[in-house]
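Enquirer: I have a structure here, written as structure tokens, and I will follow up with some questions on it.
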Ligand SMILES: Nc1ncnc2c1ncn2[C@@H]1O[C@H](COP(=O)(O)OP(=O)(O)OP(=O)(O)O)[C@@H](O)[C@H]1O
Ligand SMILES: [Mg+2]
């Protein structure tokens with residue numbers, strides 16, 4: 001095994017895939033995608049978007065796709081369940097686990113199923129999720145995912161369909177030195193509405209590589225939450241591509257707590273007027289963990305609103321990264337965008353890199369951005385201590401308050417707020433920040 | 001209860017602020033400390049409560065027979081020392097109720113008492129809120145967040161009433177209070193008075209001392225206690241000012 005940049009195991013894994021009864025268009029796209037992956041190779045730190053990310057944990061070992069040998073029980077799933085969920089899809093090592101999943105009553109015009117099942121029964125629905133496998137810039141992990149994915153989830157709502165109950169997707173990683181290549185699709189027709197929470201957890205040194213393709217149609221609204229609490233030795237890479245139609249609403253909340261190496265990329269594009277996109281997240285890192293949030297918002301239509309608020313807490317020797325770009329094209333007049341990156345650096349050996357960026361090509365816009373890196377407020381800490389609260393607990397309270405501010409941005413969903421709050425508190429109880 | 005001997009302390013820039021404080025407060029006593037701005041009153045309160053940023057260069061502080069200066073601020077609080085801040089700190093995101101419960105349970109555990117459950121806690125809170133006429137809604141906010149100046153001061157005394165300290169150090173708790181609030185705060189302080197408790201009140205005004213009558217009054221000037229007397233000293237100061245004690249530095 002070479003030290004890095006060894007793509008061969010993945011190309012081999014592609015060739016060695018079992019013969020699947022897949023549509024011809026998919027086979028063609030997979031071929032194209034593996035070629036693209038081979039051309040691109042691993043991202044290099046010379047590329048701006050990957051400058052701060054140390055991919056060595058991913059390159060030291062190869063992670064062929066998990067063969068689905070590991071199983072999980074209901075007890076493995078239960079700590080991760082969202083109590084208010086109305087539908088639950090569980091995937092283990094990249095494959096749908098029907099015995100752990102419960103899909104409740106769905107209204108007419110709603111499709112919710114695993115990607116593999118969708119491919120069997122409604123390949124037409126999955127097709128858009130693979131249309132752009134190798135064209136979204138230089139994204140080797142997206143290309144690799146297109147070539148190798150076996151499963152994922154698909155939510156498709158026809159125009160006007162509103163799902164009242166939250167959908168929950170739980171992915172558990174179990175197989176060491178294996179990867180789960182997940183391809184997820186969320187497609188909301190005009191005027192439809194849904195809330196979805198993805199949870200990633202597991203045990204061992206596995207790699208989750210998830211790609212989400214999200215289309216929010218005209219006047220539709222999606223609230224998209226994610227809890228990333230992968231095992232301490234795991235690697236988590238996720239890339240979500242979001243397209244917003246006219247007057248669409250998209251809101252995401254990403255709570256990143258786990259994994260040795262994690263990265264969440266979101267690329268959102270406004271295609272119609274009057275849409276709004278809110279990207280919120282908190283990343284908490286301890287030990288030697290490394291976590292990146294990378295967002296790109298492309299204002300390609302006029303009169304759209306972006307609100308971005310990301311927070312990172314890094315303690316011990318952890319390394320947190322925020323990369324945020326908001327681009328405003330010449331036609332995107334009346335854009336209203338702001339982006340804020342706030343960071344808490346705890347300890348001399350921890351590090352945070354934050355790089356907010358605006359690229360504005362229109363003149364009638366309201367755009368702002370900001371970034372701060374600081375320590376806990378000494379005066380607040382002393383105040384808490386002066387009331388008898390032990391210093392470890394006082395620090396925990398302040399870190400919790402810092403991170404929870406992002407969760408507070410979830411409007412009108414007390415249960416979701418409480419759920420993310422519980423995950424945060426659990427993480428904090430697991431050690432000092 | 002508290003015995004301060006020849007206490008010297010300096011701040012980060014090396015400037016000595018406390019230049020040999022001697023003060024003994026017996027159990028059950030209420031002492032008032034008065035003195036001009038910048039004379040070191042808050043510094044003394046800070047050193048006693050363990051606020052970071054001060055270096056004690058000489059002297060000792062004994063509290064209930066223990067070396068107070070050897071304890072961390074949280075340990076002092078759990079040992080029964082309470083500081084009402086001259087400038088209470090706003091802590092966004094930390095809910096007042098949650099904070100208070102964490103504080104109370106920490107202090108109770110140190111006293112060998114069991115944690116209060118949610119019901120008992122709420123009951124205790126309501127009783128003390130009433131004493132200080134604080135609305136329950138204030139407790140749903142972040143600690144001191146959006147409180148008016150007077151509300152912050154009342155909240156300090158409310159916390160004191162909840163934690164029931166042995167030694168309370170009140171740093172200008174009367175400043176910025178209207179007449180009614182002053183009366184409530186005084187009521188809170190008097191309610192705490194008892195043979196087992198001591199109170200050190202830092203104040204600029206005779207006003208508070210009319211409601212909470214001190215056993216001793218001290219003048220702190222230039223980092224030293226330059227005069228001590230009975231409650232009549234406060235009245236005298238009100239008339240003459242600190243001129244006579246001016247530059248003890
Ligand atoms: N942390 C600090 N950093 C810098 N200077 C300080 C600090 N603490 C106290 N000082 C200085 O020490 C001196 C005494 O301050 P202190 O706050 O103790 O006065 P005080 O008697 O409480 O005054 P006041 O009546 O205005 O509240 C002042 O000159 C003040 O500026
Ligand atoms: Mg003062």
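The values are calculated or read from the model by the stated rules, or taken from the named source; none is laboratory data. A quick note: this is a predicted structure, and the numbers were derived from the prediction, not measured. A quick note on method: Cβ atoms are made from the backbone with ideal geometry, for glycine too, and the neighbour counts reach across all protein chains shown.
Enquirer: Take the conditions part of a strand (DSSP E or B), over 18 Å from the mean Cα position of the chain (by Cα) and at pLDDT 95 or above and apply them to residue A:323. Does it pass?
Expert: no
Enquirer: Output the number of the condition that residue B:238 fails; it satisfies all remaining conditions of (1) within 14 Å of chain A (Cβ to nearest Cβ); (2) assigned to a helix (DSSP H, G or I); (3) touching a helix residue (DSSP H, G or I) at 6+ places or on another chain (Cβ under 7 Å); (4) within 16 Å of ligand 1 (Cβ to nearest atom).
Expert: In the conditions (1) within 14 Å of chain A (Cβ to nearest Cβ); (2) assigned to a helix (DSSP H, G or I); (3) touching a helix residue (DSSP H, G or I) at 6+ places or on another chain (Cβ under 7 Å); (4) within 16 Å of ligand 1 (Cβ to nearest atom), residue B:238 misses (1) alone.
Enquirer: Further question: Could you tell me which residue of segment A:390-422 is surrounded by the most Cβ atoms within 10 Å (Cβ to Cβ), considering only residues that are at the interface with chain B (Cβ under 7 Å from one of its Cβ atoms), free of Cβ contacts under 8 Å to residues at least 12 places away in the same chain and part of a helix (DSSP H, G or I)?
Expert: So the residue we want is A:401.
Enquirer: Does residue B:42 qualify as being surrounded by fewer than 22 Cβ atoms within 10 Å (Cβ to Cβ), more than 16 Å from ligand 2 (Cβ to nearest atom) and touching a residue at least 12 places away in the same chain (Cβ under 8 Å)?
Expert: Answer is no for this residue.
Enquirer: Can we say residue A:387 is within 14 Å of chain B (Cβ to nearest Cβ) and closer than 30 Å to residue B:75 by Cα?
Expert: yes
Enquirer: May I pose another question? With (1) touching a helix residue (DSSP H, G or I) at 6+ places or on another chain (Cβ under 7 Å); (2) more than 9 Å from chain A (Cβ to nearest Cβ); (3) closer than 18 Å to residue B:166 by Cβ as the list, and residue B:116 as the residue in question, which single condition is left unmet?
Expert: Among (1) touching a helix residue (DSSP H, G or I) at 6+ places or on another chain (Cβ under 7 Å); (2) more than 9 Å from chain A (Cβ to nearest Cβ); (3) closer than 18 Å to residue B:166 by Cβ, the lone unmet condition for residue B:116 is (3).
Enquirer: OK, next. Out of the residues in segment B:143-161 that are in a loop (DSSP other than H, G, I, E, B) and crowded, with 18+ Cβ neighbours inside 10 Å, state the one that is nearest to ligand 2 (Cβ to nearest atom).
Expert: Looking at residues that are in a loop (DSSP other than H, G, I, E, B) and crowded, with 18+ Cβ neighbours inside 10 Å, I get B:144.
Enquirer: I'm checking my understanding of the structure. Among residues of segment B:162-186 that are in a helix (DSSP H, G or I) and within 13 Å of another protein chain (Cβ to nearest Cβ), which one is farthest from ligand 2 (Cβ to nearest atom)?
Expert: B:162
Enquirer: Considering only residues that are more than 19 Å from residue A:207 (Cα to Cα), more than 12 Å from the chain's Cα centre (by Cα) and crowded, with 24+ Cβ neighbours inside 10 Å, which ones fall in segment A:256-281?
Expert: Of everything in segment A:256-281, those that are more than 19 Å from residue A:207 (Cα to Cα), more than 12 Å from the chain's Cα centre (by Cα) and crowded, with 24+ Cβ neighbours inside 10 Å turn out to be A:268, A:270, A:275, A:277.
Enquirer: If only one of A:76, A:124 is surrounded by fewer than 23 Cβ atoms within 10 Å (Cβ to Cβ) and within 23 Å of residue A:217 (Cα to Cα), which one is it?
Expert: None of the other options fit; the residue is A:124.
Enquirer: Within segment A:24-52, track down each residue that is at pLDDT 90 or above and outside any helix (DSSP H, G or I).
Expert: If the condition is that a residue be at pLDDT 90 or above and outside any helix (DSSP H, G or I), then A:41, A:42, A:43, A:51, A:52 are the ones that fit.
Enquirer: Can you tell me which residue within segment B:45-59, out of those that are away from ligand 2 (no atom under 16 Å from the Cβ) and within 19 Å of the chain's Cα centre (by Cα), is surrounded by the fewest Cβ atoms within 10 Å (Cβ to Cβ)?
Expert: Among them, the one singled out is B:52.
Enquirer: Among the candidates B:68, B:100, B:104, which residue alone is more than 11 Å from chain A (Cβ to nearest Cβ), buried (at least 17 other Cβ atoms within 10 Å of the Cβ) and more than 16 Å from ligand 2 (Cβ to nearest atom)?
Expert: B:68
Enquirer: Could I ask something else about it? Counting only residues that are within 16 Å of ligand 1 (Cβ to nearest atom) and at pLDDT 95 or above, give me the helices (runs of 4 or more DSSP H) lying completely in segment B:1-115 with at least 1 of them.
Expert: B:41-49, B:73-78
Enquirer: Of all residues in segment A:289-320, how many are closer than 20 Å to residue A:255 by Cβ and not in a strand (DSSP E or B)?
Expert: Result for segment A:289-320: 4.
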